[in-house]
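I have placed the structure first, in the form of structure tokens, so that the comments after it can refer back to it.
The values are calculated or read from the model by the stated rules, or taken from the named source; none is laboratory data. Bear in mind that the values here come from a model prediction, so they are computed numbers and not experimental data. Methodologically, a virtual Cβ is constructed for each residue, glycine included, from the backbone with ideal geometry; neighbour enumeration extends over all protein chains shown. Areas reflect the complete protein model, heavy atoms only, side chains present, ligands, DNA and RNA absent. Shrake-Rupley method; radii C 1.70, N 1.55, O 1.52, S 1.80 Å.
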Amino acid sequence: MSTVAAVALALTLGACGGDSGASTPAAGASSAAGTAFPVTIAHKYGSTTIEKAPTRVVTLGLSDHDAVLALGVVPVGVVDWFGERPYGNWPWVKDRWGGTPPQIVGERDEYQTEKIIALKPDLIVAQYSGMTQAQYTTLSKVAPVVAQIKEFPDYAAPWKDMSLVIGRALGQEPAMTKLLGDIDKRFADVRAQHAAWAGKTAAVTDASEPGTYAAFAKSDPKAQLLADMGFKLAPAVDAAAGKETAAVLSAERLDILDVDQLVVLTGDGTVEPRVRADKAFAALNVAKNNRVVFVPYMEPPIGAALSFVTVLSVPYAIDQLVPMLAKTSG
């Protein structure tokens, strides 16, 4: 997948759910983790019982493999997403594959059942996915399937909730809870170290498409991560987005982006000079006062980390983005 296509897909899906707050067990992930197996997990299509610790895991959610890898389990099969070539080569995850790349068994919600069967999985995970009832029924004949959390639309469950479900399915819910708690502490440390960010308005926009700016609402985790760092998200962005995760702004509406701190996601090296040359953008106070951070999707993959929003990518995003923000936020 090209960088441009990857950016478009990131905008379409809106990344992994909007709630980036404190870690709380999802409906499908009970906090009772005394005896890990057998475990029964409720989901969109009913419930699934896992009898013993799985060792051959296939992940069908676009970013599910990150949570599995975080717990030391290497998936044998995955779906392809976001152009990570060679597969799983993101800096936050590449060393976790152990030199064994997974089998690609599909792309987004199009699964290659024959390849999945050939891998002989003992668990199939489909959290950040759009798996259908028919697909669930078919794959349930192959192995236990943990489908999407039923309380949320497809691709809208909070990333922490999905992580906890995966942790429970692997018999490692306490370990996942600790990982999420560590991330909460990272955010608390950022807020303590940059107390001046509290109350300052911030927004995230994608300017990869010439002539338009996609401003992400608070329901999108890319924006929510800024809130986790202490910023106040701009209410005008939410008003413009309505029920969507992003508002597409024309030059006449760029005043919505005139916040105290602006993060601009870029698909390639041509975006920043083009945006800086945009008269409507240059007229914004946030631009005049140099409070804009241009963040690439791919080189380095900071935008990709923000779009993945997983237990592994979020710490990487914090490490990369906080120093950039500190240089411009004053």
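Counting only residues that are over 23 Å from Ala195 (Cα atoms), without any contact (Cβ under 8 Å) to a residue 60 or more places away in the chain and either buried (at least 23 other Cβ atoms within 10 Å of the Cβ) or among the aliphatic types (A, V, I, L, M) (or both), region 218-265 holds 11 of them. For region 244-259, filtering for residues that are over 24 Å from Ala304 (Cα atoms) and out of contact with any Leu (no Cβ under 7 Å at 6 or more places or on another chain) leaves 5. Inclusion of Glu173 among residues that are in contact with a Pro (Cβ under 9 Å, 6 or more places away or on another chain) and either crowded, with 23+ Cβ neighbours inside 10 Å or closer than 22 Å to Val292 by Cβ (or both) is warranted.
Of all the numbered requirements in (1) in contact with a Lys or Arg (Cβ under 8 Å, 6 or more places away or on another chain); (2) under 23 Å from Val93 (Cα atoms); (3) open to solvent by 40 Å² or more (accessible area, probe 1.4 Å); (4) not aromatic (Phe, Trp, Tyr), Pro315 misses one, and that requirement is (3). Looking across region 208-217 at every residue that is touching a strand residue (DSSP E or B) at 6+ places or on another chain (Cβ under 9 Å) and more than 19 Å from Ala156 (Cβ to Cβ), the one that is most open to solvent (accessible area, probe 1.4 Å) is identified as Glu209. Across region 111-132, a minimum of one residue is classified as farther than 29 Å from Ser219 by Cα, among the polar types (S, T, N, Q) and assigned to a loop (DSSP other than H, G, I, E, B).
Screening region 161-274 for helices (runs of 4 or more DSSP H) wholly inside it with 3 or more residues that are under 30 Å from Val57 (Cβ atoms) returns the ranges 173-193, 221-228.
Take Ala203 and tell me if it is under 20 Å from the mean Cα position of the chain (by Cα), surrounded by 20 or more Cβ atoms within 10 Å (Cβ to Cβ) and small (Gly, Ala, Ser). When the stated conditions are applied, Ala203 passes them.
The selection criterion, being open to solvent by 30 Å² or more (accessible area, probe 1.4 Å) and farther than 20 Å from Val39 by Cβ, holds for Pro153.
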